[in-house]
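The values are calculated or read from the model by the stated rules, or taken from the named source; none is laboratory data. Bear in mind the structure is a predicted one, so any value in this text is a computation, not a measurement. Virtual Cβ from ideal backbone geometry, glycine too; neighbours counted across all protein chains shown. Heads up: the accessible areas ignore ligands, DNA and RNA and are worked out on the full protein's heavy atoms, side chains in. Shrake-Rupley method; radii C 1.70, N 1.55, O 1.52, S 1.80 Å.
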Amino acid sequence: STVYAYGPDTTGFATPGSDIIYTIVVRNIGNGPAGQNSVFVVDQLPGNLTFFNGDIDSGGPDIHPGTSPVAFIDNGSGLTLDYASDVAFSNLPAAPADFSACNYAPASGYDPAVRYICINPKGVFAPPAPSSEFTLALRVKIN
């Protein structure tokens with residue numbers, strides 16, 4: 001993760017109350033491609049972070065295209081991500097077993113109820129030759 005310095009606070013320190021860009025890197029390390037639309041990622045946010053449901057770049061430099069809360073950065077994966085249909089959330093205490101179980105609608109702004117980020121990108125996850133990965137980035141506040 002990296003510190004998200006914006007507005008009057010541009011110190012760049014990861015202290016309570018500061019925003020950071022939380023990243024998740026997903027790599028295909030298998031011997032071949034993953035099946036069509038078969039990738040399902042569930043990430044539990046650490047308890048000391050609060051999800052920001054708004055433009056990931058709000059108030060700072062516009063690094064990620066669009067205005068969604070989750071950025072998808074492809075690095076040879078062959079996958080695509082449509083925020084509206086491929087990203088969901090859960091506020092339940094246990095990890096969702098599948099994408100359909102991720103059915104929490106986060107409130108605008110900082111939502112401390114978000115516990116899990118669920119991602120179901122589309123396409124065939126390319127084999128690792130030489131690399132096949134993607135990065136998810138989202139903005140969170142340190143509690």
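Quick notes on this structure:
Results for (1) open to solvent by less than 50 Å² (accessible area, probe 1.4 Å); (2) among the aliphatic types (A, V, I, L, M); (3) at pLDDT below 95; (4) more than 26 Å from Asn143 (Cα to Cα), shown as yes or no for each residue.
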residue	(1), (2), (3), (4)
Gly30	yes, no, yes, yes
Phe51	yes, no, no, no
Pro69	yes, no, no, no
Gly76	yes, no, yes, yes
Leu81	yes, yes, no, yes
Asp86	yes, no, no, yes
Arg115	no, no, no, no
Lys122	no, no, no, yes
Ser132	yes, no, yes, yes
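- Where a residue in region 73-86 is touching a residue at least 40 places away in the same chain (Cβ under 8 Å) and its partner, wherever it lies, is among the polar types (S, T, N, Q) and part of a loop (DSSP other than H, G, I, E, B), with Cβ under 6 Å and at least six apart: Gly76/Ser131; Gly76/Ser132; Ser77/Ser132
- Any chance Tyr116 is closer than 21 Å to Thr135 by Cα and touching a Ser or Thr at 6+ places or on another chain (Cβ under 6 Å): yes
- Only one of the numbered conditions (1) over 12 Å from the mean Cα position of the chain (by Cα); (2) of a type in the set (D, E, K, R); (3) modelled with pLDDT of 95 or more; (4) closer than 20 Å to Asp19 by Cα is violated by Asp57, and that is (3).
- Residues in region 1-28 that are in contact with an Asp or Glu (Cβ under 8 Å, 6 or more places away or on another chain) and modelled with pLDDT of 70 or more: Ser18, Ile24, Val25, Val26, Arg27, Asn28.
- Strands (runs of 3 or more DSSP E) enclosed by region 66-132 - at least 2 residues per element that are hydrophobic (A, V, I, L, M, F, W, C), under 19 Å from Asp55 (Cβ atoms) and under 16 Å from the mean Cα position of the chain (by Cα): 70-75, 87-90, 116-119
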